[in-house]
Amino acid sequence: MKKVKPLEELTIARSLFGSSLAFHIIFATLGVGLPFMILVAEVVYQITKDRDYPLMAKRWTKAQAILLGVAIPSGTIVAVQLSLLWPRFMEIVGEVIALPFQIELFAFFLEALFMSIYVYAADRLSAAARVISVFLVALGGSASAVLITAANAWMNTPTGFEVSGGEITDVRPLDAFLNPSFASAALHVLVSAFMTGAFAIAGLAAWRLLKGNQSRRESAYHRKALVLSLLVGGVMSLATAWNGHVAGQVLYDHQPEKLAAAEGHFKTEAYAPLAIGGIVDPEKRELVGAIKIPGMLSFLADNRFDAVVKGLNEFPEENWPPFYVHTLFNLMVFIGSWLILLSILAWVVHWRRREKPLPRWLLWLLVPSGVLSLLGIESGWVFTCSGRQPWTIYHYQRTSEAVTDATGLGLYFVLFIGLYLLLLVGTAIVMRSYFRRHPLSEAFATTGNGLGKGEVKHE
Amino acid sequence: MNEGLLAVSLVWLFVFIYAILGSIDFGAGFWGMVHRNEVQGEAGALANRFLSPTWEVTNVFLVLLVVTLVSFFPAAIYTVGMALLLPGSLVLILLTIRSAMMAFQHSVRRFKGALEVVSGVTGVLIPSLLVSVLPILTGGFIDPESGMLRVGKLFTSPVTYAYLAFGLSSQLFLSASFLADYAREADNEPSYRVFRRHAVRLGPLTLITAVLTTWTIGQEASWLRQQLLEEGRWFLLSILAFLIGYLALFWKRRDRQKYRGWPRVAFILFIIQYALASFAYGRAHLPYLVYPSLTVDNSVTNPEMFRLLMVSYGIGLAILIPGFYLFWRLFLKDKRYLAPKEEGE
């Protein structure tokens, strides 16, 4: 039988894998969001024939190529570390939910192939071939996100297999793939990634507009980028909120402990209140200092104020998720709501001001929206994974049963953290350096429209 | 052919494909470093030009390999995951640094010098770690008590070094032959001569190290040497392919402008050489995935999953093959990419 793993080793394994995921999520999310924005810009160009849009697409592609250089290896790390750190978990994954991983590879191939083609051969492609390439990049990235989310959704709502006498039997891979939380989770990940790509661009465009000494042409360009990204970001943040609500109802139906922990909700009751803020007092078993909206949790969970929402007291304590997930959940919802309000506000101001520049206070509000959006995504992922604890596979396998028996993981933790810090700094330096050496004014000046041929030069 | 055999053949095919692509990729990094300061003939630049668009695709094959193994042989993950924690983690770290540098230097030229060194050094270290997986699978290096790798034993065993010598010389030989062909495709005769010379020197070395490896394997895994010797005819065919390919490097051209050698013919024959040898090694390794605890048949996945995985391969490949074709046309065939200098003339 399995030896008992010291708790510290489990914590280190979780910290190591959590860091790898948190790091990868930054690049993976932008890697889904940016190609979508590039595609939107290419399509807008076909409609308006305004040459600023393909220029945007081209400059965003440069950023995307740099990000992809980190996204691909960090994704490789996650894929391999799954087997290295959680071998007992991956045994079951291989038996039951291997299909989305396998299909994801083909999506990954599609993305890598056409990204190389779009980046290194753009000057040899026709306009149509260019749009098709970037469409396939966006498609590959989006499909990857959906497929990986299928596996994560299955960990929350595992279906498609039976366990008898410790053996997995009667495997139905398609049932596992299309598990109850798949649709809502996948859509949530996808639209929130589109939202993040858009707000990352909105934040940068706002930052550029705040800086003085720009030609009219340059500020017009940034204004267009800002307005376009706010449109996409606004729509996508609304979609994220609506579909997050659906995901919450899936929790109510399938993972009541998680919903209860997300709300710091202990007593099973009808007309349950929605709790905003506050901290759980584990002794008294209650949430302290929260603003409560009566009946709202019941209503959100099941569309009825008298719906009975199970509290944590209903479940054995050893199956409780950690209490901090309440704060993470609040953070995610707060950021999402703020971004919806902000994009509506910005659009109204833009519309009323017409040709006049946007007010500086609004731009200052917009600058951090990209970072906030990423923070929302991260807190959402940490929420969904910590909220599933103590299980790796909900009600089937505990995280402590999944972890490797190998010892000395601390060293690996230090090594990988060092690597991630190095890459974060490196990426920031490269981004800055590239866009400093290729300023927008130069792109306008050299070719008139910024769409020069032969940008890819070799020594 | 039963399911286990079909699945392991597919996995082994991917190992082979990644070994070839990885050899060329990492080898090109190494040659790019060796020749980075040579102005004449720009052999280093040629190697790096090949690397820029291809490393991402090569890297995907590594993930493909891992995922295919997990999907088809879930019962093997525990043993393999425990044993490969150290080499696997080191490969991940080195690979990440290398990939990031590739992407960074394309955007910011300041990193060019650093990249060439990083790409060259990791181009030797990563394949060494990957090759060290092979002796681990043949048994004797995993502690039966803890399931962990005996790191000290692995890195002091002559068997490991025999595998390393064979792996590295093969990598450099294959990448030199490939780059010779790539240089000829780009009409770059000076670079062609540089890489042809490397291939000519390394060829015999790969044969010597191969014999050496087979001989030392017996120390740790006599079962494997026994079975390898039974596959003798495949190895003879492999050597034959090598000899013809090697001779092709010396055949004269009709075109007096060009130096001797038919690199395309040679490279294809070298691929066949390694395909035959890999096939024989794989056959000899059966029925074990990891000796002595894991066999192919006791680790293969359930029939329903197996069927759906095969369907997904069919659909996936049907979509991707046109993509690969386009990729090949654009980066390995298109003169405008291969020899961009001529554009202005």
Residue check, B:Ala275 within 14 Å of chain A (Cβ to nearest Cβ), among the small types (Gly, Ala, Ser), part of a helix (DSSP H, G or I) and surrounded by fewer than 20 Cβ atoms within 10 Å (Cβ to Cβ): no
Subset of the stretch B:85-105 [more than 7 Å from every other protein chain (Cβ to nearest Cβ) and touching a residue at least 60 places away in the same chain (Cβ under 8 Å)]: B:Leu86, B:Pro87, B:Arg98
Flag if A:Ala143 is hydrophobic (A, V, I, L, M, F, W, C), farther than 30 Å from B:Thr79 by Cα and more than 10 Å from chain B (Cβ to nearest Cβ): yes
Identity of the residue in the stretch A:61-73, of a type in the set (Gly, Ala, Ser) and more than 7 Å from every other protein chain (Cβ to nearest Cβ), that ends up surrounded by the most Cβ atoms within 10 Å (Cβ to Cβ): A:Ala71
Top-ranked residue of the stretch A:419-437 - restricted to ones that are within 9 Å of chain B (Cβ to nearest Cβ) and surrounded by fewer than 16 Cβ atoms within 10 Å (Cβ to Cβ), ranked as modelled with the lowest pLDDT: A:Arg437
Some residue of the stretch A:354-364 being within 14 Å of chain B (Cβ to nearest Cβ) and over 25 Å from the mean Cα position of the chain (by Cα): no
Counted residues, the stretch A:407-418 - those being at the interface with chain B (Cβ under 7 Å from one of its Cβ atoms) and free of Cβ contacts under 8 Å to residues at least 40 places away in the same chain: 1
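Residue by residue, here is whether (1) over 18 Å from A:Gly264 (Cβ atoms); (2) not β-branched (Val, Ile, Thr) holds:
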| site | (1), (2) |
| --- | --- |
| A:Ile291 | no, no |
| A:Ser298 | no, yes |
| A:Asn303 | yes, yes |
| A:Asn319 | no, yes |
| A:Tyr324 | no, yes |
| A:His350 | yes, yes |
| A:Arg353 | yes, yes |
| A:Gly376 | yes, yes |
Residue within the stretch A:268-290 that is part of a helix (DSSP H, G or I), surrounded by 14 or more Cβ atoms within 10 Å (Cβ to Cβ), over 27 Å from the mean Cα position of the chain (by Cα) and of a type in the set (Gly, Ala, Ser) present: no
Long-range neighbours under 8 Å by Cβ, at least six apart or interchain, first residue within 18 Å of B:Met310 (Cβ to Cβ) and free of Cβ contacts under 8 Å to residues at least 40 places away in the same chain within the stretch A:101-114, second in a helix (DSSP H, G or I) and of a type in the set (S, T, N, Q): A:Gln102/B:Thr68; A:Gln102/B:Ser71; A:Gln102/B:Ser312; A:Phe106/B:Ser312
Residue list for the stretch B:51-84, restricted to those being under 16 Å from the mean Cα position of the chain (by Cα), more than 7 Å from chain A (Cβ to nearest Cβ) and touching a residue at least 60 places away in the same chain (Cβ under 8 Å): B:Leu51, B:Thr54
Residue satisfying all of: in the stretch A:156-165; under 17 Å from A:Met90 (Cβ atoms) and in contact with a strand residue (DSSP E or B) (Cβ under 6 Å, 6 or more places away or on another chain); surrounded by the most Cβ atoms within 10 Å (Cβ to Cβ) among these: A:Pro158
Top-ranked residue of the stretch A:166-186 - restricted to ones that are within 11 Å of chain B (Cβ to nearest Cβ) and free of Cβ contacts under 8 Å to residues at least 60 places away in the same chain, ranked as surrounded by the most Cβ atoms within 10 Å (Cβ to Cβ): A:Arg172
Only listed residue being of a type outside the set (A, V, I, L, M, F, W, C), away from every other protein chain (no Cβ under 14 Å) and crowded, with 21+ Cβ neighbours inside 10 Å, chosen from B:Ser170, B:Ser157: B:Ser170
Identity of the residue in the stretch A:82-133, of a type in the set (S, T, N, Q) and at the interface with chain B (Cβ under 7 Å from one of its Cβ atoms), that ends up nearest to the chain's Cα centre (by Cα): A:Gln102
Index of the failed condition, A:Thr196 passing every other in (1) in a loop (DSSP other than H, G, I, E, B); (2) under 13 Å from the mean Cα position of the chain (by Cα): (1)
Qualifying residue in the stretch B:88-101 (condition: part of a helix (DSSP H, G or I) and charged (D, E, K, R)): yes
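The values are calculated or read from the model by the stated rules, or taken from the named source; none is laboratory data. Source: prediction; values computed, not measured. Glycine gets a Cβ as well: all are built from the backbone with ideal geometry, and neighbour counts include every protein chain shown.
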